[in-house]
Amino acid sequence: MQRTTSTNGLLSPLKDFQSETEVDFKKYDQIVKTKDKIFDEICREIHVQKHQEIRSVFLNKRNVPKESICLWLENVCSLLEQFCIPTLYGAMANCDEQNRKVIKSQKTIIDLQAEVIKKSDLELASVKSTVKEELKSVQTTVQSEMKSYSSVLSKTCSAALSQRKLQSAVKLAAAKEDRSRNVVIYGVKEEAEEIIHDKSLEILLDVGERPMIRECCRIGQKRGDKPRPVKLCLSNSDIAHQVISKARLLRNKKGYDSVYICPDRTVEERKAYRKLLEELKTSREAEPDKFFVIRNGKVVRISEDSRSAPGVDS
């Protein structure tokens with residue numbers, strides 16, 4: 001019977017490696033090869049083909065020398081104690097270090113996002129301040145030009161009218177700027193103790209977006225079982241536009257048959273859009289073999305190839 005290789009013989013390929021915790025792929029590869037050599041020798045001695053077939057019932061036979069079993073055990077214990085366990089500790093330490101780096105990177109991203117939001121708010125405040133100063137300047141100019149009672153009377157009427165128009169225009173522009181950051185979600189089931197923020201974020205995640213939701217609430221009066229729309233205020237108009245551009249992806253999601261995302265429109269804009277929808281329905285019924293969509297505020301016919309093109313409204 002062939003004599004079992006000594007401990008030093010089987011572990012000799014690892015003599016150049018230190019039993020330290022540093023992760024080294026060459027060292028790892030050599031540990032695996034050394035383990036395979038030990039198991040190959042055991043398989044030859046007990047006459048089995050695969051390492052998985054090594055069992056105590058084969059080892060506990062008279063034809064397997066006790067000396068061989070002791071040497072195998074010594075080799076395996078040395079391999080575990082000197083190389084496998086330190087290498088495992090090294091891998092764990094490396095994972096911890098990588099996790100710390102990932103957490104640090106995520107914190108950096110969050111800080112950058114906060115800076116972007118802060119900058120956007122400052123820019124909006126600057127625009128509103130400029131408009132307010134311009135309005136004040138116009139009022140001062142109008143008042144200084146009033147020279148006589150008759151001219152005061154005529155100019156006052158004209159100035160008041162111009163002032164109201166200007167104020168109305170400023171309010172309209174500010175409201176439009178505020179609405180440009182909003183999106184409205186229709187068809188979201190309304191429940192008694194719901195967390196509407198989480199519901200809304202789940203819908204946005206399903207279209208591939210995870211924006212920061214600054215405000216979130218239902219709008220309108222509750223009427224029967226029909227759920228009220230949900231209005232979301234996002235960080236800026238670019239993010240809102242990006243969410244709206246992906247709203248069509250909900251069509252292919254299970255459970256969103258009656259859920260859709262729209263811009264935050266005024267009453268007049270909603271009336272105009274409903275009129276467009278009626279016109280779209282009429283066109284489709286009149287020519288069912290053609291394809292019609294709403295684009296740039298008009299109902300237009302498109303080719304079948306461009307139905308799924310980006311920017312095509314339904």
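The values are calculated or read from the model by the stated rules, or taken from the named source; none is laboratory data. None of these values were measured; they are calculated from a predicted model. In case anyone asks, the SASA skips ligands and DNA or RNA and just uses the protein heavy atoms, side chains included. Shrake-Rupley method; radii C 1.70, N 1.55, O 1.52, S 1.80 Å.
Worth pointing out:
- Distant-in-sequence amide contacts of C217, defined by a placed amide H-H separation under 5 Å and a gap of 5 or more residues or a different chain, comprise K231.
- Here the Karplus curve 6.51 cos²θ - 1.76 cosθ + 1.60, taken at θ = phi - 60°, turns the phi angles of the range 288-293 into couplings of x, 8, 9, 10, 10, 9 Hz, with x standing for Gly and Pro.
- Euclidean distance of C-alpha centroids, the range 79-97 and the range 240-262, integer Å: 48
- Accessible surface of T108 - all protein chains present, 1.4 Å probe, nearest 10 Å²: 70
- Amide H contacts of V299 (H built 1.01 Å from N, in plane; Pro and chain starts excluded): no residue 5 or more places away or on another chain comes under 5 Å.
- Accessible surface of C70 - all protein chains present, 1.4 Å probe, nearest 10 Å²: 70
- Anisotropy class of the range 190-270 from Cα gyration tensor, a/c 1.5 cut: rounded
- Full extension of the chain between I103 and S258 yields a length gain of 51.9 nm, computed as 0.36 nm times the residue separation minus the alpha carbon distance.
- Exposure ranking of E41, E67, E278 by accessible area [1.4 Å probe, largest first]: E278, E67, E41
- Listed pairs K246/K290; K35/K61; K189/K226; K35/K66; K226/K253 exceeding 18 Å between Cα atoms: K246/K290; K35/K61; K35/K66; K226/K253
- Rounded to whole numbers, the Karplus 3J(HN,Hα) couplings from phi for the range 106-111 are 4, 5, 4, 4, 5, 4 Hz, using 6.51 cos²θ - 1.76 cosθ + 1.60 with θ = phi - 60°, and x at Gly and Pro.
- Once the Cα-Cα distance is subtracted from the 0.36 nm per residue extended length, the Y273 to A125 segment shows a gain of 50.2 nm.
- Residue-wise HN-Hα coupling along the range 230-244, computed from phi with Karplus coefficients 6.51, -1.76, 1.60 (Hz; x: Gly, Pro): 10, 9, 10, 9, 9, 5, 7, 5, 5, 5, 4, 5, 5, 5, 5
- Computed with every protein chain present, the accessible area of F291 is close to 60 Å² [probe 1.4 Å].
- By accessible area with a 1.4 Å probe, ligands and nucleic acids excluded, highest first: order of I85, I110: I110, I85
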